[in-house]
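Here the structure is laid out as structure tokens; the discussion comes afterwards.
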């Protein structure tokens, strides 16, 4: 069994376990090392927005796919933990982009549906999974539906039903997980778990999200934080800069990184 095969199975097992998998997203080698060194972190996830920003690109597949894949490979090389990559909507070819991600060591990915016609979104899921099978691994696809992010002024019940339908189709196509980003209520989470079963739903942490302990009790598989982790890091850098410009000193809790 190759290392990447073992890592894919490890990542799948972490999602299937009843304990909530907590993933703080990273964007380069040093952020990967810093996060991976924290006791209790068992896997890493990239954030496409953060990687793009670090290279000076806007989010939304504006960064060249080769550069995004190179960044994913750099993160994989910086850690021994399994890494799942944010591949946005697949950069025009979800299967080939997945193959490239696997070639640099990624064992899972997020894939956005961007509310495309459901048949097209399912075909993209199938292409990603086929790429994983072709490479001989159980690729851990976190199939994302943007139903909540693109809800607009639609009735909530309609949006929820749409997300459930889409997630059910992705699971039926073989995806092990469904990612529903957005601020979800407890009733929303319960509806998803009731529809799909426990350890199938992944969510994003945003201000006002349910407590992590409650997400675990409800049967959520994973929580991640997208570009928020980079924003927090850059806010700290900006705060330090403002303090120095004002004549201050390093913060008292400063400690050098190894």
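Read-outs: derived from the displayed coordinates by stated rules, not from any lab. Just so we're clear, the structure is a prediction, and the values are computed from it rather than from any experiment. Here Cβ is always computed from backbone atoms with ideal geometry, including for glycine, and neighbour counts include all displayed protein chains.
What is the helix-to-structure angle for 65-77, meaning the angle in degrees between its Cα long axis and the longest Cα principal axis of the chain, kept from 0 to 90 and rounded to the nearest 10?
Helix 65-77 and the main axis of the chain meet at about 70 degrees.
Taking Cα atoms, how many degrees apart are the long axis of helix 3-16 and the longest axis of the chain, rounded to 10 and kept between 0 and 90?
Taking the Cα atoms of the chain, the angle to 3-16 is about 80 degrees.
So how far, in whole Å, is the C-alpha centre of region 96-142 from the one of region 198-258?
28
Could you run the Debye sum over the Cα atoms of region 35-105, one equal point scatterer each and no solvent, and tell me log10 of I(q)/I(0) at q = 0.14 Å⁻¹, two decimals?
Rounded to two decimals, the profile gives -0.41.
Calculate the spin-label point distance for residue 239 paired with residue 194, positioning each point 7 Å from the Cα along the beta-carbon direction, and give it in nanometres.
That separation, rounded to one decimal, is 4.1 nm.
Angle, helix 228-245 long axis vs. longest principal axis of the chain, Cα atoms, 0 to 90°, nearest 10?
20
Dividing the Cα radius of gyration by the Kirkwood radius, what Rg/Rh value follows for region 178-236? Present the calculation step by step, with values, prior to reporting the outcome.
Working: Rg = 12.1 Å, Rh = 11.9 Å.
With Rg and the Kirkwood Rh in hand, the quotient comes to 1.02.
Ranking 158, 42 by Cβ neighbours within 10 Å, fewest first, what do you get?
Working: 158 11, 42 16.
With the sparsest Cβ surroundings first, the list reads 158, 42.
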